[in-house]
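Comments concern the structure below.
The values are calculated or read from the model by the stated rules, or taken from the named source; none is laboratory data. This one's a predicted model, so the numbers in the text were calculated from it and none came from an experiment. Cβ atoms come from the backbone with ideal geometry, glycine included; neighbour counts cover every protein chain shown. We work out accessible area using only protein heavy atoms, side chains counted, and drop any ligands, DNA or RNA first. Shrake-Rupley method; radii C 1.70, N 1.55, O 1.52, S 1.80 Å.
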There are 2 protein chains.
Amino acid sequence: MNKDLEAYLRYVEKSIAEINFPKTPASLYEPMTYIMSLGGKRIRPVLTLMSSDIFCGDFSKAKNAACAVELFHNFSLIHDDIMDNAPLRRGQKTVHEKWNTNIAILSGDAMLIEAYKLLIQYPPDISSELIDLFNKTAIAVCEGQQLDMDFENTEVVSKEEYLEMIRLKTAVLLGCSFKMGAVIANTSTENQKDIYNFGVNLGIAFQLQDDILDLYADQSQFGKQVGGDILANKKTYLLLSAFESASPSQKSELNSMLKMQQKEEKISAAKNLFHQLKVKEQAEEKMNHFYQTALSNVNHLQIAESGKEILISLAEYLMNRNN
Amino acid sequence: MNKDLEAYLRYVEKSIAEINFPKTPASLYEPMTYIMSLGGKRIRPVLTLMSSDIFCGDFSKAKNAACAVELFHNFSLIHDDIMDNAPLRRGQKTVHEKWNTNIAILSGDAMLIEAYKLLIQYPPDISSELIDLFNKTAIAVCEGQQLDMDFENTEVVSKEEYLEMIRLKTAVLLGCSFKMGAVIANTSTENQKDIYNFGVNLGIAFQLQDDILDLYADQSQFGKQVGGDILANKKTYLLLSAFESASPSQKSELNSMLKMQQKEEKISAAKNLFHQLKVKEQAEEKMNHFYQTALSNVNHLQIAESGKEILISLAEYLMNRNN
């Protein structure tokens, strides 16, 4: 992580610590303070600050918007964790486990509203643009989450449908985070569009990298079980590519692999089949396509070269990871 | 119901029918169309139209805000029904019963965002005021719902705490519905304040009447089981007044009543104790206090007498009911 990122991150942590939720009812507000204190990469608010800084040389103006996107992200984590029946989040109990499902539903709702409370603090013309963008993004994230749940019970999902799902569920919020900073900095519509697309394309590339790392990461450097997606029969880009490229006999081998019980055996069968079908190469090609498109979005921006360099080094930082 | 109310109601139904939710993902949007089609009194959107009409002679301008408050109300019903584990809503299956809890959580979230999408369609200076009001109201409704859940596990709840809970959970949304119409009509800040307070005070009076009717309504005219709150040991204004006025020996009689299993016997024991403690009279006095305050809010408005008459006849309509 370079020096600029660290400075933004410190400012994000300070700003989040300063959000003053009311004290009562405690069971409504304590879960908000709790989940916000669990940390995480804080990528989204950093993007908002960075974007504002690049376009107008001031990131402090973007403070409320940065906190709003992080609140929204954490609202979605609280509700997603209920839906996934997840016991842990960042190594700590999820909100519905620590309190209960009703409290998790309601404090999630209130957290979404708290995000709007931060956005409405800008002057009307700015807050109007921010909230319009936020509405579209938030609805897209809900649609993406719904598609993701739908896929679990769908026999055949195409790679295109999968890309659309990750665009909605993950990538548009990165685009939105960047664009909010650009709106606050009052840059041109063209620049706003480019930085939004940069975020979306980078987000899709990042998510594809996630899928690849899940099976091909070095276990000694990976935070989770390598092959976790395969063990859960998760329809990732890798698995969907495999099914799309497979011959009838390879399809039946893939289906046999999905039914395997023994962990090591299953992961090795998947790797073997994926190797035959050049699945990793397909995913990397798609990831690089989105990454290159993201870089071309940066090059299209009408800003100083130093700003472009910051964005490109951010993209490199996000795409050169082992976990 | 008078002629004006019916006209507003027809316009509300038409406007709701015209809301065009996207078609996919179906499992995200179908629950919205479903719950909105279950009907209900549509009180809140009618208040928004009526208010706009009274202050500027045009209710069509308030269409989006009216739909937004009804969407918000129905979002809160979807999530409350999960929390209450309720199987039925308006005689039909609740969303989490017809689909499942995950879909009910997510489509509720999306419905809240849809409400904001309607409000952002006003010009920036108006939408900014509307959303600021909406944020404060929505958070208050969440706080009220949380207090209501907290009360179930609280030994002693005071009458004042109960009044604050119903103010937050129910009454502020009526005030907000009225005030939105007033903001759209661009009336004076003073008028906006008065119509807001009218809604809040009327809302509290209405909820107290609800508590009274639940035990004292004529069963032949009442849509639900008379005494339902008593059978569920619900901490209503009646029960809380009874405990506050009771002597130590009457308190132990109240506690025995709460443990009774036989329905008729329990209701009759409650009525008997409440009669001794003048509980109905206390509740009626409090209800009348809020009702009279609501009427004084109307009298304070700087509008034509005909407008005041419409508001007063609405208040009479809401407060002269048997169910």
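A few comments on the model shown:
- Flag for A:Ser60 being closer than 26 Å to B:Leu147 by Cα, polar (S, T, N, Q) and loosely packed, with under 15 Cβ neighbours inside 10 Å: no
- Per the conditions (1) surrounded by fewer than 14 Cβ atoms within 10 Å (Cβ to Cβ); (2) more than 14 Å from chain A (Cβ to nearest Cβ); (3) over 30 Å from B:Asn191 (Cβ atoms), the sole criterion not satisfied by B:Arg10 is (3).
- Within segment B:30-46, tally of residues that are hydrophobic (A, V, I, L, M, F, W, C), open to solvent by less than 30 Å² (accessible area, probe 1.4 Å) and more than 18 Å from B:Glu316 (Cα to Cα): 3
- Residues in segment A:104-122 that are facing another protein chain (nearest Cβ under 8 Å) and either open to solvent by 10 Å² or more (accessible area, probe 1.4 Å) or touching a strand residue (DSSP E or B) at 6+ places or on another chain (Cβ under 9 Å) (or both): A:Glu114, A:Lys117, A:Ile120.
- Matching residues, segment A:16-29, being touching a residue at least 24 places away in the same chain (Cβ under 8 Å) and either open to solvent by 10 Å² or more (accessible area, probe 1.4 Å) or assigned to a loop (DSSP other than H, G, I, E, B) (or both): A:Ile16, A:Ile19, A:Phe21, A:Ser27
- Hey, A:Asn255 open to solvent by 60 Å² or more (accessible area, probe 1.4 Å), modelled with pLDDT of 95 or more, assigned to a helix (DSSP H, G or I) and not acidic (Asp, Glu) or not: yes
- Which listed residue, of A:Leu77, A:Leu5, A:Leu49, is open to solvent by less than 30 Å² (accessible area, probe 1.4 Å), at pLDDT 95 or above, more than 14 Å from every other protein chain (Cβ to nearest Cβ) and assigned to a helix (DSSP H, G or I): A:Leu49
- Residue in segment B:128-143 that is surrounded by the most Cβ atoms within 10 Å (Cβ to Cβ), counting only those that are in contact (Cβ under 8 Å) with a residue 40 or more places away in the chain and hydrophobic (A, V, I, L, M, F, W, C): B:Ala138
- Filter pass, A:Asp125 being farther than 26 Å from B:Ala104 by Cα, without any contact (Cβ under 8 Å) to a residue 24 or more places away in the chain, within 10 Å of chain B (Cβ to nearest Cβ) and open to solvent by 20 Å² or more (accessible area, probe 1.4 Å): yes
- Filter pass, A:Glu152 being closer than 20 Å to A:His79 by Cβ and either within 14 Å of chain B (Cβ to nearest Cβ) or in contact with a Lys or Arg (Cβ under 8 Å, 6 or more places away or on another chain) (or both): yes
- Of the helices (runs of 4 or more DSSP H) lying entirely inside segment B:144-247, those containing at least 2 residues that are open to solvent by 20 Å² or more (accessible area, probe 1.4 Å) and out of contact with any strand residue (DSSP E or B) (no Cβ under 9 Å at 6 or more places or on another chain) are B:159-166, B:189-216, B:228-231, B:237-245.
- The C-beta contact set for segment B:82-110 (first residue in contact (Cβ under 8 Å) with a residue 24 or more places away in the chain, second residue of a type in the set (Lys, Arg) and open to solvent by 50 Å² or more (accessible area, probe 1.4 Å), distance under 7 angstrom, 6+ apart or interchain) is empty.
- Within segment B:80-103, tally of residues that are in contact with a helix residue (DSSP H, G or I) (Cβ under 6 Å, 6 or more places away or on another chain) and open to solvent by less than 50 Å² (accessible area, probe 1.4 Å): 7
- Contact annotation: residue pairs with Cβ atoms under 7 Å, 6 or more positions apart or on different chains, pairing a residue in segment B:152-168 that is modelled with pLDDT of 95 or more with a partner that is part of a helix (DSSP H, G or I) and of a type in the set (Gly, Ala, Ser), are B:Lys159/B:Ser241; B:Met165/B:Gly144; B:Leu168/B:Ala140; B:Leu168/B:Gly144.
- If you go through segment B:294-309 and keep only what is open to solvent by less than 40 Å² (accessible area, probe 1.4 Å) and over 16 Å from the mean Cα position of the chain (by Cα), you end up with B:Leu295, B:Asn297, B:Val298, B:Leu301, B:Ile303, B:Gly307, B:Lys308.
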